[in-house]
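Let me begin by presenting the structure, written as structure tokens, before commenting on it.
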Amino acid sequence: MLLGAPPASAASGSLQLQVSIDKRPIEDATVPIDPANQVELQVVATNTGTAPVKVRSVRLSGVALALTFFAYDTTAPFEVPARGSVSRTFVLDLGDLAGQATGLLPSSVELLDAGRGTLGEATTVADVRGSLWSVYGVFGLAMLVLTILAWVTALLALARHRLAPNRWRRGVRFLPAGFGTGLVAVISLSVLRLVPPEPAIEIPVVLGAAAIAFLLGYLTPHPAPPAVTESDATVQLPLPSTQEFTR
């Protein structure tokens, strides 16, 4: 279930897709997308089933951290005959994409039926030439601010000896800062166009940063000051006054 639903069987009319964006095949490639220009999307759908398949629309979407940051649907009904192929070309206006995403994002092109079910899908990595102040960019900046606050709060509690005496609770106190650090690292690598936030990368980075932060909290010293023993304690007796000597 975590890996997604299995593709439709051949008898139900599954479609195999070959997709090109601006005449560049998207398979095993990073496709640049400039929101200032229209995008020519060419789809070749092959029906491996024994019954014709009716397609209602095509969708171009981008996902990161299990969140959809952009999705464009174009309604263009057509039918793919059994054991046949159909080629269609769509022109997409992605002008508002600059305010939705920027950097490298795992993306997909899907053919949908009348019930919005997926008939076929092709995946790629889109290099979106958007703005840093897009939804994705602002999301990364917000995560950076929250992560800094989480670290400051945890370190101040450590400096003031206000952490819990239990080591596990101290580790949990540092855990949100670790999660935030991992998320900021994943988003930064994506925005800087170094590494796309794919599950095979983002999950180890986020969990690894969280584990390191938990370990740091677990190994912090006990917050309570050391107890004073009787041998270390000194008792100071008041000296008698001059009047007491006179008496």
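Within the set of pairs 6 or more residues apart or between chains, which connect a residue that is closer than 10 Å to Gly95 by Cβ inside segment 32-45 to a residue that is in a strand (DSSP E or B) with Cβ atoms less than 6 Å apart?
Gln38/Val91
Of everything in segment 196-206, what is out of contact with any Ser or Thr (no Cβ under 8 Å at 6 or more places or on another chain) and farther than 7 Å from Gly182 by Cα? Give them in sequence order.
Correct list: Glu198, Pro199, Ala200, Ile201, Glu202, Ile203, Pro204.
I want to confirm something. Restricting to segment 94-123 and keeping residues that are of a type in the set (Asp, Glu) and within 25 Å of Gln16 (Cα to Cα), which single residue is most open to solvent (accessible area, probe 1.4 Å)?
Glu121
Take Gly137 and decide whether it is open to solvent by less than 50 Å² (accessible area, probe 1.4 Å) and modelled with pLDDT of 95 or more.
no
Which of the residues belonging to segment 175-190 are open to solvent by 30 Å² or more (accessible area, probe 1.4 Å) and either under 10 Å from the mean Cα position of the chain (by Cα) or under 14 Å from Gly103 (Cα atoms) (or both)?
Once the filter is applied, which keeps residues that are open to solvent by 30 Å² or more (accessible area, probe 1.4 Å) and either under 10 Å from the mean Cα position of the chain (by Cα) or under 14 Å from Gly103 (Cα atoms) (or both), segment 175-190 yields Leu183, Ala185, Ser188, Leu189.
Quick grid of which residues meet (1) open to solvent by 30 Å² or more (accessible area, probe 1.4 Å); (2) of a type in the set (Ser, Thr, Tyr):
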| position | (1), (2) |
| --- | --- |
| Val31 | no, no |
| Ala71 | yes, no |
| Thr74 | yes, yes |
| Ala82 | yes, no |
| Phe90 | no, no |
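Within segment 149-185, which residues are under 17 Å from Val206 (Cβ atoms) and among the β-branched types (Val, Ile, Thr)?
Passing the criteria: Val172, Thr181, Val184.
A quick yes/no check of all residues on (1) at pLDDT 90 or above; (2) touching a Leu at 6+ places or on another chain (Cβ under 9 Å); (3) open to solvent by less than 30 Å² (accessible area, probe 1.4 Å); (4) small (Gly, Ala, Ser):
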position	(1), (2), (3), (4)
Leu2	no, no, no, no
Ser20	yes, yes, yes, yes
Glu40	yes, yes, no, no
Val44	yes, yes, no, no
Ala66	no, no, no, yes
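So Ala142 ticks every box in (1) modelled with pLDDT of 90 or more; (2) farther than 30 Å from Asp28 by Cα; (3) in contact with a Pro (Cβ under 9 Å, 6 or more places away or on another chain) but one. Which box is left unticked?
(3)
The values are calculated or read from the model by the stated rules, or taken from the named source; none is laboratory data. Only a predicted model underlies this, so the values are computations on that prediction, with no experimental measurement involved. Please note: Cβ atoms are built from the backbone with ideal geometry, for glycine as well, and neighbour counts cover all protein chains shown. Accessible surface areas use protein heavy atoms only, side chains included; no ligands, DNA or RNA. Shrake-Rupley method; radii C 1.70, N 1.55, O 1.52, S 1.80 Å.
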